[in-house]
Amino acid sequence: MNKSLFLLAALALSGCASNDLGSVVDGAINGASDAAKRMVGMGDSSTVSGKPVYNGGYSVGREAVYITDAERQSVDLGRLSAQKTVSNPRGLTRTKLMGCSHLDSQGTMPSCTLYLYPVTAEGWLVKDPVTFHGVGKDYVTNSGLYYFKVESEGQFYATGEVTIAKGLTNELSFAVQ
């Protein structure tokens with residue numbers, strides 16, 4: 001009788017243990033699934049005080065743009081709308097900011113500021129940019145690849161890469177958004 005009571009108790013405990021183990025495994029799988037969703041930007045939904053709160057997901061946030069920081073944006077804004085090369089009498093590499101327009105309406109922006117960050121062979125941005133405050137003046141620059149950041153009216157921007165041609169005046173125009 002003791003043996004059968006012991007066997008019955010052991011079976012009952014192992015049944016509880018397997019249910020507990022199943023709960024633990026289910027919790028671990030759900031936790032890993034939620035973590036994977038958050039890592040790829042799908043987010044998850046959780047409950048706080050009985051009210052659903054959405055944590056992330058497919059929404060698009062606004063990334064701050066600081067044209068004075070030598071950092072690439074996660075997504076480029078606006079675009080280089082025109083690049084024209086003109087020969088110059090001295091054969092120096094020069095760069096000239098021709099102006100900015102609004103990407104959506106195509107209207108001319110009253111002012112714009114351009115920061116050109118040289119890009120190293122490894123793809124890093126040099127912290128000392130060539131700066132243009134206003135349009136029309138040209139500067140002697142080195143040829144090569146640059147990462148540009150343009151700001152107009154303190155709220156419209158363009159970012160991306162441009163290659164400056166050697167020995168010519170490079171006239172640049174940008175469309176900001």
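The values are calculated or read from the model by the stated rules, or taken from the named source; none is laboratory data. Just so it is clear, the model here is predicted, and its values are computed rather than measured. Here Cβ is always computed from backbone atoms with ideal geometry, including for glycine, and neighbour counts include all displayed protein chains.
Scanning region 41-62 finds no residues that are modelled with pLDDT of 90 or more and within 16 Å of the chain's Cα centre (by Cα). Considered as a group, the residues in region 78-103 that are in a loop (DSSP other than H, G, I, E, B) and modelled with pLDDT of 95 or more include one that is farthest from Phe174 (Cα to Cα), and that residue is Leu92.
Go through Gly99, Gly123 for me and flag whichever is in the same structural domain as Ala165 (by TED's automatic domain parsing) and more than 24 Å from the chain's Cα centre (by Cα).
Working: Gly123 fails: more than 24 Å from the chain's Cα centre (by Cα).
Residue meeting the stated conditions: Gly99.
Restricting the search to region 113-128, which residues are of a type outside the set (Gly, Ala, Ser) and in a loop (DSSP other than H, G, I, E, B)? Thr120, Glu122, Trp124, Val126, Lys127, Asp128 - these are the residues of region 113-128 that are of a type outside the set (Gly, Ala, Ser) and in a loop (DSSP other than H, G, I, E, B). The single condition from (1) touching a strand residue (DSSP E or B) at 6+ places or on another chain (Cβ under 6 Å); (2) among the aliphatic types (A, V, I, L, M); (3) over 20 Å from Cys100 (Cα atoms) that Val150 fails is (3). Candidates Glu122, Glu153, Glu161: the one that is free of Cβ contacts under 8 Å to residues at least 12 places away in the same chain and either out of contact with any helix residue (DSSP H, G or I) (no Cβ under 9 Å at 6 or more places or on another chain) or crowded, with 21+ Cβ neighbours inside 10 Å (or both) is Glu122. Against the conditions (1) modelled with pLDDT under 95; (2) assigned to a loop (DSSP other than H, G, I, E, B), Glu71 satisfies every one except (1).
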